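Structure, as structure tokens:
The values are calculated or read from the model by the stated rules, or taken from the named source; none is laboratory data. On a predicted model such as this, the values are computed, not experimentally measured, just so you know. Please note: Cβ atoms are built from the backbone with ideal geometry, for glycine as well, and neighbour counts cover all protein chains shown.
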């Protein structure tokens, strides 16, 4: 395979996670609610039993109309077959939270499909979502579309070309499979699943949940916002609180007109994603979601492609429900991790700074998986070690060490000293052990989400302590913000 594509885009900091990401993540988060919806309402049985959602093309899906519904359906309502039998829709296991202990990573792909186009497509958005089932934490890493990477079997090209080449050359598993292999090779982490979404999914799902509430930090005036067919659909919004429907939320997430370009857009997309999550998890939304279950499943059939099974999606959704927002970490490969370059054929690309990206990757993906029995006994094992812990502030945030001391003491950590580190510019938190205190280090890692590469051993402490915690800019005391 040889790369000669000429797709262009300068994307400083983050890939387009708009509707794709939102549709995708909404699909997973929404499925946790749909678990109850499906269980209670068998109107979805036809769609579920056929499982068209697992691997559809992005095209119209013919769904049989139930004789009981004929002549009574509102115009434009998707038709879903109904099975009135007593056969359970899904197994009882599907309604239980994810039971796995290994980290789960999912590649989210937003497909740039317009004007009813068919054929191979590029990705407009690429984001890796990783979930630690034991630590109940999650990370989201956005990849800019112009990232210059090695595409297996193709050569060096923009990362958004991987899906296109996978479809064009009929790579085993198609575009998603080659995109997954490309990201795995680039980041050096395994990707377990993929989800691809096109534009319509995000708009429809935001509308189904009744829209979202967003606080807009700066006014936006984008007269050249692109419509769905290479034209313009101007977008404006003022600062302050707004309630957005699907189309408005899509525009807010996709516009690039603010000073920070893709970097600003990445922040807006994260805000939209969290707003969708908050709206879905509101208890009062359950009756509406139950009533809209057939529409949601039709949306998934038409616009979503994934190798997740229905039960896996439901179980992961239930797991996601239990992850507090304070334990969801977001990151963008921005200009701290790439630099601009122009290829010999004149294409503007982003060349990765490998060492910086490795450190960012380790922050999100490297926290160790600790077996359940160890986690359950960890506080007791830590107490038996009797380690004296010092907390030094390596940031410019006044009082952070004292706040951290109180938090750690509440969790049984024996903090004996608080002070300032040798610098206030630590980007990430560190743990240094002086002697053998493995359970104390593990417990601190669990409480503060410190990756293993940020743990080291020392020989002579500067004070009367056994373990030193240096607080970095990645740490804030849970519940303090």
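Just a yes or no: is a residue in segment 282-305 surrounded by fewer than 19 Cβ atoms within 10 Å (Cβ to Cβ), modelled with pLDDT of 75 or more, part of a helix (DSSP H, G or I) and in the same structural domain as residue 138 (by TED's automatic domain parsing)? No. Within segment 383-405, the residues that satisfy the criterion of being part of a helix (DSSP H, G or I), touching a residue at least 40 places away in the same chain (Cβ under 8 Å) and surrounded by fewer than 23 Cβ atoms within 10 Å (Cβ to Cβ) are 384, 385, 400, 403.
Working only within segment 364-396, note down all residues that are modelled with pLDDT of 80 or more and touching a strand residue (DSSP E or B) at 6+ places or on another chain (Cβ under 8 Å). Scanning segment 364-396 gives 364, 365, 387, 388, 389, 390, 391, 392, 393, 394, 395. Of the residues examined, residue 312 is not one that is surrounded by fewer than 18 Cβ atoms within 10 Å (Cβ to Cβ) and either at pLDDT 80 or above or assigned by TED's automatic domain parsing to the domain that holds residue 361 (or both).
Looking for something surrounded by 13 or more Cβ atoms within 10 Å (Cβ to Cβ) and within 24 Å of residue 280 (Cβ to Cβ) - is there at least one such residue anywhere in segment 219-229? No, segment 219-229 has no match at all. One residue alone among 201, 179 is within 26 Å of residue 236 (Cβ to Cβ), under 22 Å from the mean Cα position of the chain (by Cα) and assigned to a helix (DSSP H, G or I), and that residue is 201. Against the test of being under 29 Å from residue 335 (Cα atoms) and either surrounded by 14 or more Cβ atoms within 10 Å (Cβ to Cβ) or touching a residue at least 60 places away in the same chain (Cβ under 8 Å) (or both), the options 174, 155 yield a single qualifying residue, 155. Looking only at residues in segment 112-135 that are farther than 17 Å from residue 349 by Cα and at pLDDT 85 or above, the one that is surrounded by the most Cβ atoms within 10 Å (Cβ to Cβ) is 127. Residue 356 satisfies every condition listed in (1) over 30 Å from residue 462 (Cα atoms); (2) outside the structural domain of residue 451 (by TED's automatic domain parsing) except (1). Can you say whether residue 164 is buried (at least 21 other Cβ atoms within 10 Å of the Cβ), closer than 19 Å to residue 350 by Cβ and touching a helix residue (DSSP H, G or I) at 6+ places or on another chain (Cβ under 9 Å), as far as the supplied structure shows? Yes.
Those strands (runs of 3 or more DSSP E) of segment 99-173 in which at least 2 residues are assigned by TED's automatic domain parsing to the domain that holds residue 340, more than 15 Å from residue 186 (Cα to Cα) and in contact with a strand residue (DSSP E or B) (Cβ under 8 Å, 6 or more places away or on another chain), considering only elements entirely within it, cover 104-111, 123-132, 137-142.
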